[in-house]
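Asker: Shown below is the structure under consideration.
Just so it is clear, none of the values below were taken in a lab; they were calculated from the coordinates. Keep in mind that what you see is a predicted model, and the values were worked out from it rather than measured. Quick reminder, even Gly has a Cβ in these numbers, built from the backbone with ideal geometry, and neighbours come from all protein chains shown.
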Amino acid sequence: MSNYWDKVLQRRLSRRRALAVSGGLAVGTALLAACGGGGEEEAGPKDTSGLVTTFEDSSKQAQRGGTFVINNLRDPLHLDGQAQGQIQLNVFNSLAYEGLVMNKMGFKEPTTWSEVEPNLAEDWELTPDKLTLTFNLRQGVKWHNKAPINGRAFDSSDILASWKRYETATTPNNKAANANSANPAAPIISVAAPDARTVVWKLKEPSSYLLQRFTTMITGELGSIYPKEAGAGFDPKVDQIGTGAFVLDKYQASLEIAYKRNPEYWNKNAGFFDAIRFPLLPDYAAGLAQFKAGSLSHFNVGAQDILTTKREVKAINLYVYTPAGNNPTWTVRFGWNPIGGKKSPFLDIRLRQAISMSFDRDQYIDTFSNVAKFQAEGLPIQTYWFTSMGYVPDWMLDPRDKEFGDNAKFYQYNVAEAKKLVDAARSAYGGDFPEIPAGRVNVVFGPTYAQQVEVMDQWIREIGLKVKAVPLDYNLEYLKNYVTQQGKVEGYFHGSGAVTSPTPLDLFIWRFYSKSGGTSGALGFGGPDGSLGNQSGDPEVDKMIERAKAEFDVKKLRGTVHELQRYLAQKAYGVCQPGFADSLTMAWPAISNFMTYQGESRTVFPNAPFPSLHNTWYDASKPHKA
């Protein structure tokens, strides 16, 4: 790892030279203005490489047939999507099951996670006081034709049973975020069904974010609708029976998970593949080799191998896209438990600010996204700095833009100032800080995770802190003792994990709101100065979030989300991964409509390089083999 860090440091000079030649990488407001769509020509750099395939809408030509094949990194622990903590389960959950509504996807550009569209519900109505939400269910929807349900009709009794199963679950899920019975601050008081086609949700308070929560297919969340027989007539841990476009065909542990097309799927304009296969293939090199040979339809090719792969196998399509999502991949989450018998050093705001200022965001993005090399090749790559949230068009403020304000300084790389803050915090602490445990997951988060978190740890060491890496098992230690403990940990850890929905406001509810029942490390920093360590949260943050929860005007809601970002830049309750760049992704040309529709909440983590499997189709006239 030290050799890797040396390599990163050596890139600093070459990166800055590249920035000087290219005129800089700032995205600023130009891209934000372009994200509104409307058929206007996009702003930003143009492709001069000749390597990029443009997004094309071939929906009118879509035909049924063909197989989509993508590797799976590891077996899920089981198949029950209403339970939390199943690695790699989200995509499987969304193929078989559906939600009442779905996010409105972006067309050839990122979605803003601001609108929803009908799905199992044809339409809905919110009363003027915003306390009663009524869904009218779609007719003609059937459950998969598998025993014991055997293709019966879907109706409101399934919604009631699914909610009850979610609300009363004894296995961990995120019911505290939604069920008022589990958390007095959660929005849903009760659910009733006046008839087979109608479901009525009674709410505690106006909740502008709630419809997006009904779209979320991520494990342990609200969105997935299960049949009333789940847990009583069939075991959802070992089988799936949903209303979705694809039916679980076979699951061979350590070998493959396979789906086939649901011939009775209600939506005739989606779900085109005859089959979708996920062979277990955790080794990156083996996966890349199979992709080049055409055995895989799509593969998450690492930035370092993109250009080589394209030149070796010219037939493979290369796409540029922005992996937008509200949730940054990794965040340094600070703990407020004592270390070595003394209070947590991170109760001092100056230490948290210093860590934020120790991060060379441009260097990080260039290193892990290969920016300078891609730009030198003529690829249209732009970069994005994270704030307290991930990049979502129109919602995330760019700290490099003057609109952010004075608190942008806490995102600027400034080692000298960071060391001054550390020295001041050390003086107030009464001596040297103890060695600080830095938790990191030892598997699961992908091939570059260990390198990325080591770079961040090393930057923290460079401003005068002693840091000891602590490996964590994802299921046995990370979920149980870190990410769910709301700051009751020693030192800090590199956290990830799903949020309750992809709408920008929900990130702040889940990570920073004192009443969320969520996974917020910020709860540990109580009081107006964020230094009490009493888990009461920050009252100023709570006020802004509560104002936003009751705001249904998108423009005003966006203004509060901007206000939260400016405020949290100064408080630094967590320091997000520095940022990312436009991504390159690859697929064989036979996979048509690939990434044309972006931000499907049903499919997988919103910012993953993964297509909408419901809208892509197999074009047998185009290559799928080398």
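Asker: For segment 551-597 and segment 120-149, write down the distance between their C-alpha centroids in whole Å.
Answerer: 29
Asker: Oh, and also: Can you give the log10 of the normalised intensity I(q)/I(0) at q = 0.14, 0.21 Å⁻¹, computed with Debye over equal Cα scatterers of segment 176-266?
Answerer: The Debye formula, applied to the Cα set alone, gives -0.71, -1.21.
Asker: Give the label of the value calculated from the structure for percent of Cα pairs over 38 Å apart, choosing from (1) 72; (2) 39; (3) 31.
Answerer: The value computed from this structure is option (3).
Asker: Still on this model: Once fully extended, how much extra length lies between Glu403 and Val415, figured as 0.36 nm per residue of separation less the alpha-carbon to alpha-carbon distance?
Answerer: Gain on stretching Glu403 to Val415: 1.9 nm.
Asker: Computed FRET efficiency, Cβ-Cβ of Asn150 and Arg64, R0 30 Å: what is it to the nearest 0.05?
Answerer: Calculated value: 0.80.
Asker: Now, a different point. Using unit Cβ charges (K, R positive; D, E negative) and no other charged atoms, how large, in debye to the nearest 20, is the dipole of the chain about its Cα centre?
Answerer: Here the size comes out at about 780 debye.
Asker: Another question, then. Between segment 343-385 and segment 391-429, what's the alpha-carbon centroid distance in Å?
Answerer: Using only Cα atoms to place each centre, the spacing works out to 12 Å.
Asker: Another question, if that's okay. Tell me, Ser295, Ser156 in order of fewest to most beta-carbon neighbours within 10 Å?
Answerer: Neighbour counts put them in this order, fewest first: Ser295, Ser156.
Asker: Once you have a ≥ b ≥ c as the square roots of the Cα gyration tensor eigenvalues for segment 370-517, tell me rounded if a/c is under 1.5, and otherwise prolate or oblate according to whether a/b is larger than b/c.
Answerer: rounded
Asker: Moving on to the next point. Which ³J(HN,Hα) values, rounded to whole Hz and listed in residue order, are derived for segment 302-309 from phi using the Karplus coefficients 6.51, -1.76 and 1.60 in 6.51 cos²θ - 1.76 cosθ + 1.60 with θ = phi - 60°, glycine and proline given as x?
Answerer: Those phi angles translate into x, 4, 6, 10, 4, 5, 4, 5 Hz.
Asker: Of the peptides 551-557, 69-75, how do they stack up when ordered by the mean number of other Cβ atoms within 10 Å, highest first? Walk me through the intermediate numbers first.
Answerer: Working: 551-557: 13.6, 69-75: 19.4.
The peptides rank, most packed first, as 69-75, 551-557.
Asker: Then there's this: For the chain, calculate the relative contact order in percent as a whole number, restricting contacts to Cα pairs under 8 Å that are 6 or more residues apart.
Answerer: Reported relative contact order: 22 percent.
Asker: Okay, next question. Compute the separation of the alpha-carbon centres of segment 278-333 and segment 166-206 and state it in Å as a whole number.
Answerer: Here the answer is 39 Å between Cα centres.
Asker: Hand me the trypsin sites (Lys or Arg not before Pro) from segment 142-231 located in a DSSP loop with no more than 16 other Cβ atoms within 10 Å, in residue order please.
Answerer: Here the trypsin sites (Lys or Arg not before Pro) that fit, given the DSSP loop and packing criteria, are Lys146, Arg152, Arg197, Lys204.
Asker: Let me ask something else. Asn72's amide H: which non-local residues (gap 5+, or another chain) put their own amide H closer than 5 Å, with H modeled 1.01 Å from N in plane and none for Pro or chain starts?
Answerer: Leu280, Leu281
Asker: Sort 279-285, 296-302, 91-97 by the packing proxy (mean of other Cβ within 10 Å over each peptide's residues), most packed first.
Answerer: 91-97, 296-302, 279-285
Asker: If you bin the C-alpha pair distances of segment 43-195 every 10 Å from 0, what whole percents do you get?
Answerer: 8, 24, 36, 21, 10, 2
Asker: Can I ask one more? What is the spin-label model distance, in nm, from Glu540 to His78 if the labels are put 7 Å beyond Cα along the C-beta direction?
Answerer: 4.6
Asker: With +1 assigned to the C-beta of every Lys and Arg and -1 to the C-beta of every Asp and Glu, and no other charges, what is the dipole magnitude of segment 209-324 about the Cα centre in debye, to the nearest 20?
Answerer: Numbers: 12 positive and 11 negative charges, 76 e Å.
Dipole of segment 209-324, to the nearest 20 debye: 360 debye.
Asker: Moving on. Which whole-Hz ³J(HN,Hα) couplings does segment 242-258 yield from phi under the Karplus relation 6.51 cos²θ - 1.76 cosθ + 1.60, θ = phi - 60°, glycine and proline marked x?
Answerer: Once θ is set to phi - 60°, the couplings for segment 242-258 become x, 10, x, 6, 10, 10, 4, 9, 7, 10, 10, 3, 6, 10, 6, 10, 10 Hz.
Asker: Based solely on its DSSP helices, what 222 nm [θ] is calculated for the chain when runs of n ≥ 4 H residues each add -39,500 (n - 2.57) and the sum is averaged over all residues, nearest 500 deg cm²/dmol?
Answerer: Values: 16 runs with 164 residues, N = 626.
Calculated mean residue ellipticity at 222 nm is -8000 deg cm²/dmol.
Asker: Relative contact order, percent, of segment 237-381 when contacts are C-alpha pairs under 8 Å separated by at least 6 residues?
Answerer: Across segment 237-381, relative contact order equals 11 percent.
Asker: Can you tell me the relative contact order of segment 225-323? Whole percent, Cα pairs under 8 Å, sequence separation 6 or more. Please list the in-between numbers first.
Answerer: On the way: 85 pairs, mean separation 14.2, N = 99.
So the answer I get is 14 percent.
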